[in-house]
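To keep things clear, I will list the structure first and then write my remarks on it.
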């Protein structure tokens with residue numbers, strides 16, 4: 001009886017340790033998930049301190065940005081030399097309830113990700129440093145939220161605000177005067193049926209919607225608010241959500257700028 005009881009106790013202890021390890025892993029993952037922008041409190045790490053910590057992390061990676069003299073930097077990964085460093089500091093709330101600064105870098109006036117450092121507040125610990133390639137950062141966000149194509153508009157805007165310094169396309173939240181999302185979707189579907197012969201019912205049944213409101217320069221140099229409506233299909237061989245049909249609807253007046261397929265569809 002004692003032997004059996006001992007085995008049960010060991011099994012119970014092992015189960016409890018497994019649960020604890022799982023909870024710790026989940027806590028570690030959630031501690032990096034950004035929930036929203038926030039306002040730092042009086043006791044939080046100062047913006048200047050966060051930038052200094054992030055710059056120190058950046059300086060330790062010569063493959064990301066090596067000083068070229070003065071306040072100019074080289075970006076060997078992108079074959080860009082002697083550019084000023086664009087730096088953005090944003091205070092955020094994390095999923096575990098803690099606060100942090102996200103400091104992101106880019107060559108000035110170029111839509112190139114050079115790095116992002118997440119720093120706990122008020123402690124100043126570096127929680128994450130993704131420098132050079134954006135892929136690890138995007139991989140973590142997609143592990144938390146699913147494929148980028150299907151994020152909520154709020155998550156798309158949050159990501160762009162945190163990590164995109166200058167971009168050809170920036171996600172924005174709807175505002176008064178914008179064509180409502182459902183109306184833009186109906187216009188896009190009608191345009192795709194006219195141009196590609198694909199019925200709305202087929203789009204709904206066989207493809208997955210990828211839709212966001214963006215700032216884009218389509219009809220001139222000035223950026224306009226545009227509903228980008230894409231329909232994607234999962235390619236089992238590659239595991240990628242391939243773009244099949246796309247339409248661009250101007251948020252100002254509902255005009256269709258473009259509607260077409262991506263080749264081999266319909």
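The values are calculated or read from the model by the stated rules, or taken from the named source; none is laboratory data. It should be emphasised that the depicted structure is a prediction, and the values quoted were computed from it without experimental measurement. Heads up, the Cβs are rebuilt from the backbone with ideal geometry, glycines too, and the neighbour counts pull from every protein chain shown.
Among the residues of region 155-170, write down those that are part of a helix (DSSP H, G or I) and touching a strand residue (DSSP E or B) at 6+ places or on another chain (Cβ under 8 Å). Break it down into steps so the answer makes sense when it comes.
Looking only at region 155-170, we keep the residues that are part of a helix (DSSP H, G or I), and these are 155-163.
If the condition is that a residue be part of a helix (DSSP H, G or I) and touching a strand residue (DSSP E or B) at 6+ places or on another chain (Cβ under 8 Å), then 156, 157, 158, 159, 160, 161, 162, 163 are the ones that fit.
Just one of 57, 27 is modelled with pLDDT under 80 and under 22 Å from the mean Cα position of the chain (by Cα); which is it?
On the way: 57 fails: modelled with pLDDT under 80.
Only one candidate passes the filter, namely 27.
Among (1) touching a strand residue (DSSP E or B) at 6+ places or on another chain (Cβ under 7 Å); (2) assigned by TED's automatic domain parsing to the domain that holds residue 51; (3) more than 30 Å from residue 43 (Cβ to Cβ); (4) touching a residue at least 40 places away in the same chain (Cβ under 8 Å), where does residue 82 come up short?
The single condition residue 82 does not satisfy is (4).
Read through the list (1) touching a helix residue (DSSP H, G or I) at 6+ places or on another chain (Cβ under 6 Å); (2) in a strand (DSSP E or B); (3) surrounded by fewer than 16 Cβ atoms within 10 Å (Cβ to Cβ), then give the number of the only condition that residue 173 fails.
The number of the failed condition is (2).
Tell me, yes or no, whether region 198-207 has at least one residue that is over 11 Å from residue 247 (Cα atoms), outside any loop (DSSP other than H, G, I, E, B) and in contact with a helix residue (DSSP H, G or I) (Cβ under 7 Å, 6 or more places away or on another chain).
yes
Kindly establish whether residue 217 is crowded, with 18+ Cβ neighbours inside 10 Å, in contact (Cβ under 8 Å) with a residue 12 or more places away in the chain and more than 17 Å from the chain's Cα centre (by Cα).
Details: crowded, with 18+ Cβ neighbours inside 10 Å: no; in contact (Cβ under 8 Å) with a residue 12 or more places away in the chain: yes; more than 17 Å from the chain's Cα centre (by Cα): yes.
Answer is no for this residue.
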